[in-house]
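Participant: Structure below; questions to follow.
The values are calculated or read from the model by the stated rules, or taken from the named source; none is laboratory data. In this text, all values refer to a predicted model and were calculated from it rather than measured experimentally. Quick reminder, even Gly has a Cβ in these numbers, built from the backbone with ideal geometry, and neighbours come from all protein chains shown. For accessibility, only protein heavy atoms count, side chains too; no ligands or nucleic acids. Shrake-Rupley method; radii C 1.70, N 1.55, O 1.52, S 1.80 Å.
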Amino acid sequence: MTDIEIPEGMPKWMADHVRQYIGSGGAEGHMWASASVGGPGLLPTLLLTTTGRRSGKMRVMPLIYGESGGSYVIVASKGGAPKHPAWYLNLDAAPEVGVQVATERFTTKARTASGEERRRLWKQMVNIYPPYADYQKKTDREIPVVVLDPIRNG
(Lines give C-alpha, C1' and ligand atoms only; values in the text may rest on other atoms or scores of the structure.)
Protein backbone atom coordinates (compact mmCIF):
# COMPACT_ATOMS: atom_id res chain seq x y z
CA MET A 1 0.00 0.00 0.00
CA THR A 2 2.94 2.31 -0.57
CA ASP A 3 1.12 4.08 -3.43
CA ILE A 4 -1.57 5.31 -1.01
CA GLU A 5 -0.99 8.58 0.79
CA ILE A 6 -2.21 9.85 4.13
CA PRO A 7 -3.70 13.27 3.31
CA GLU A 8 -1.70 16.36 4.29
CA GLY A 9 -3.01 18.02 7.38
CA MET A 10 -4.52 14.83 8.83
CA PRO A 11 -4.24 15.05 12.63
CA LYS A 12 -1.39 12.97 14.07
CA TRP A 13 -3.72 10.71 16.09
CA MET A 14 -5.65 9.94 12.91
CA ALA A 15 -2.51 9.31 10.83
CA ASP A 16 -1.19 7.04 13.60
CA HIS A 17 -4.48 5.12 13.49
CA VAL A 18 -4.16 4.66 9.71
CA ARG A 19 -0.55 3.49 10.02
CA GLN A 20 -1.52 0.98 12.73
CA TYR A 21 -4.45 -0.31 10.64
CA ILE A 22 -2.40 -0.69 7.46
CA GLY A 23 0.77 -1.89 9.20
CA SER A 24 -1.07 -4.71 10.95
CA GLY A 25 -3.00 -5.72 7.83
CA GLY A 26 -6.18 -4.78 9.66
CA ALA A 27 -5.54 -7.00 12.69
CA GLU A 28 -5.30 -3.78 14.75
CA GLY A 29 -7.16 -0.52 14.27
CA HIS A 30 -10.53 -1.86 13.15
CA MET A 31 -12.04 -1.19 16.55
CA TRP A 32 -10.83 2.32 17.32
CA ALA A 33 -10.41 3.39 20.95
CA SER A 34 -12.06 6.80 20.47
CA ALA A 35 -11.90 7.63 24.20
CA SER A 36 -8.31 8.75 23.62
CA VAL A 37 -9.72 11.81 21.79
CA GLY A 38 -12.90 12.26 23.85
CA GLY A 39 -15.08 9.77 21.99
CA PRO A 40 -17.58 7.29 23.44
CA GLY A 41 -15.29 4.22 23.44
CA LEU A 42 -14.62 1.49 20.90
CA LEU A 43 -15.98 2.29 17.44
CA PRO A 44 -15.83 0.22 14.23
CA THR A 45 -13.69 1.91 11.59
CA LEU A 46 -12.90 1.17 7.99
CA LEU A 47 -10.26 2.59 5.70
CA LEU A 48 -11.64 4.39 2.65
CA THR A 49 -9.29 4.89 -0.31
CA THR A 50 -10.33 7.52 -2.83
CA THR A 51 -8.60 8.95 -5.88
CA GLY A 52 -7.93 12.68 -5.64
CA ARG A 53 -10.14 14.51 -8.13
CA ARG A 54 -7.33 16.99 -8.89
CA SER A 55 -4.13 15.16 -7.93
CA GLY A 56 -5.05 11.69 -9.15
CA LYS A 57 -3.30 10.30 -6.05
CA MET A 58 -4.82 7.59 -3.90
CA ARG A 59 -5.65 8.86 -0.41
CA VAL A 60 -6.75 6.90 2.64
CA MET A 61 -9.10 8.03 5.40
CA PRO A 62 -10.23 6.16 8.54
CA LEU A 63 -13.99 6.46 9.08
CA ILE A 64 -16.55 5.18 11.56
CA TYR A 65 -18.99 2.88 9.81
CA GLY A 66 -22.27 1.05 10.15
CA GLU A 67 -23.73 -1.77 8.07
CA SER A 68 -26.96 -2.04 6.13
CA GLY A 69 -28.05 -4.88 3.87
CA GLY A 70 -24.54 -6.06 3.01
CA SER A 71 -23.27 -2.52 2.42
CA TYR A 72 -21.26 -0.16 4.60
CA VAL A 73 -22.45 3.27 5.72
CA ILE A 74 -20.23 6.29 6.44
CA VAL A 75 -20.92 9.94 7.25
CA ALA A 76 -19.28 12.95 5.56
CA SER A 77 -19.47 15.13 8.66
CA LYS A 78 -16.07 16.88 8.78
CA GLY A 79 -17.01 17.73 12.37
CA GLY A 80 -19.84 20.00 11.19
CA ALA A 81 -17.61 22.21 9.03
CA PRO A 82 -19.37 24.38 6.42
CA LYS A 83 -17.88 22.42 3.48
CA HIS A 84 -17.87 18.73 2.64
CA PRO A 85 -14.68 16.76 3.40
CA ALA A 86 -12.25 16.28 0.49
CA TRP A 87 -12.74 12.51 0.57
CA TYR A 88 -16.47 13.00 -0.10
CA LEU A 89 -15.78 15.27 -3.08
CA ASN A 90 -13.29 12.68 -4.35
CA LEU A 91 -15.75 9.78 -4.17
CA ASP A 92 -18.49 11.93 -5.67
CA ALA A 93 -16.19 12.49 -8.69
CA ALA A 94 -14.99 8.84 -8.82
CA PRO A 95 -17.42 6.60 -6.91
CA GLU A 96 -15.48 3.34 -7.29
CA VAL A 97 -13.43 3.32 -4.08
CA GLY A 98 -11.31 0.93 -2.07
CA VAL A 99 -12.40 -0.18 1.38
CA GLN A 100 -10.71 -2.16 4.11
CA VAL A 101 -12.78 -3.52 6.99
CA ALA A 102 -10.49 -5.24 9.48
CA THR A 103 -8.41 -7.66 7.37
CA GLU A 104 -10.75 -7.68 4.37
CA ARG A 105 -10.04 -5.41 1.38
CA PHE A 106 -12.45 -4.89 -1.51
CA THR A 107 -13.86 -2.37 -4.00
CA THR A 108 -17.17 -0.59 -3.56
CA LYS A 109 -19.33 1.83 -5.48
CA ALA A 110 -20.22 4.83 -3.33
CA ARG A 111 -23.55 6.62 -3.45
CA THR A 112 -25.14 9.31 -1.33
CA ALA A 113 -28.31 8.18 0.43
CA SER A 114 -31.42 10.33 0.15
CA GLY A 115 -35.01 10.43 1.33
CA GLU A 116 -36.21 7.72 3.69
CA GLU A 117 -33.02 5.69 3.27
CA ARG A 118 -30.94 8.68 4.43
CA ARG A 119 -33.22 9.32 7.42
CA ARG A 120 -32.99 5.67 8.49
CA LEU A 121 -29.22 5.46 8.03
CA TRP A 122 -28.61 8.84 9.68
CA LYS A 123 -30.44 7.62 12.79
CA GLN A 124 -28.40 4.39 12.75
CA MET A 125 -25.12 6.31 12.49
CA VAL A 126 -26.08 8.77 15.25
CA ASN A 127 -26.76 5.73 17.46
CA ILE A 128 -23.23 4.48 16.71
CA TYR A 129 -21.61 7.91 17.14
CA PRO A 130 -23.88 10.47 18.89
CA PRO A 131 -21.65 13.52 18.13
CA TYR A 132 -22.91 13.39 14.52
CA ALA A 133 -26.14 15.04 15.75
CA ASP A 134 -24.11 17.94 17.20
CA TYR A 135 -22.11 18.23 13.99
CA GLN A 136 -25.34 18.62 11.99
CA LYS A 137 -26.43 21.46 14.30
CA LYS A 138 -23.14 23.29 13.61
CA THR A 139 -23.63 23.52 9.83
CA ASP A 140 -26.22 24.64 7.31
CA ARG A 141 -25.32 21.85 4.87
CA GLU A 142 -27.08 18.51 5.07
CA ILE A 143 -24.33 16.13 6.12
CA PRO A 144 -24.13 13.38 3.50
CA VAL A 145 -24.70 9.77 4.45
CA VAL A 146 -22.76 7.57 2.05
CA VAL A 147 -23.52 3.94 1.21
CA LEU A 148 -20.61 1.80 0.04
CA ASP A 149 -22.04 -1.05 -2.04
CA PRO A 150 -19.47 -3.86 -2.51
CA ILE A 151 -18.77 -4.68 -6.15
CA ARG A 152 -19.30 -8.40 -6.55
CA ASN A 153 -17.32 -10.16 -9.27
CA GLY A 154 -19.10 -12.87 -11.15
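Participant: Would you mind counting up the charge near Phe106? Only other residues with Cβ under 15 Å from its Cβ, with Lys and Arg at +1 and Asp and Glu at -1.
Facilitator: Net charge in that neighbourhood comes out at -1.
Participant: When ligands, DNA and RNA are left out and all protein chains stay put, how many square angstrom of accessible area per residue does the chain have with a 1.4 Å probe?
Facilitator: On the way: 8330 Å² over 154 residues.
Heavy-atom SASA per residue in the chain reads 54 Å².
Participant: Determine which lysines satisfy two conditions relative to Lys12: a Cα distance under 26 Å, and not lying fewer than 8 residues away in the same chain.
Facilitator: Within reach: Lys57, Lys78, Lys83, Lys138.
Participant: If you don't mind, there's one more thing I want to ask. Divide the volume of the convex hull of the Cα atoms of the stretch 28-116 by its number of residues and quote the answer in cubic angstrom per residue. Numbers along the way, then the final one.
Facilitator: Numbers: hull volume 11.5 nm³, N = 89.
Spelled out: Cα convex hull of the stretch 28-116, divided by residues, is 129 Å³.
Participant: Under 5 Å between amide hydrogens, which residues at least 5 positions from Lys57 or on another chain qualify, with H placed 1.01 Å from N in the peptide plane?
Facilitator: Residues meeting the criterion, in which the H sits 1.01 Å from N, are Gly52.
Participant: How charged is the neighbourhood of Trp122? Take every other residue with its Cβ under 14 Å from the Cβ of Trp122, and add Lys/Arg as +1 and Asp/Glu as -1.
Facilitator: Details: positive: Arg118, Arg119, Arg120, Lys123, Lys137, Arg141; negative: Glu116, Glu117, Asp134, Glu142.
Overall, the nearby charge balance is +2.
Participant: For the chain, which whole percent of the accessible surface, found with a 1.4 angstrom probe, sits on carbon and sulfur atoms? Can you show the working numbers first?
Facilitator: On the way: 4150 of 8330 Å².
Roughly 50 percent of what the probe reaches on the chain is carbon or sulfur.
Participant: In addition: Once you sort the root eigenvalues of the Cα gyration tensor of the stretch 94-150 as a ≥ b ≥ c, which label holds: rounded (a/c under 1.5), prolate (a/b larger than b/c) or oblate (the other case)?
Facilitator: Numbers: a/c = 2.16, a/b = 1.68, b/c = 1.28.
Prolate is the answer for the stretch 94-150, as a/c is 1.5 or above and a/b outweighs b/c.
Participant: Mind ranking 71-77, 48-54 by how tightly packed they are, going by the mean number of other C-beta atoms within 10 angstrom, highest first? Let's see the in-between values first.
Facilitator: Working: 71-77: 22.4, 48-54: 18.1.
Highest to lowest by the protection proxy: 71-77, 48-54.
Participant: Local charge sum around Gly52 (other residues, Cβ-Cβ under 10 Å, Lys/Arg +1, Asp/Glu -1)? Write out the running numbers ahead of the final one.
Facilitator: Working: positive: Arg53, Arg54, Lys57, Arg59; negative: Glu5.
Every neighbour counted, the sum reads +3.
Participant: Taking all pairs of different Cα atoms in the chain, averaging 1/r and flipping that mean, what Kirkwood radius in angstroms comes out?
Facilitator: Numbers: mean 1/r = 0.0635 Å⁻¹.
In the chain this quantity evaluates to 15.7 Å.
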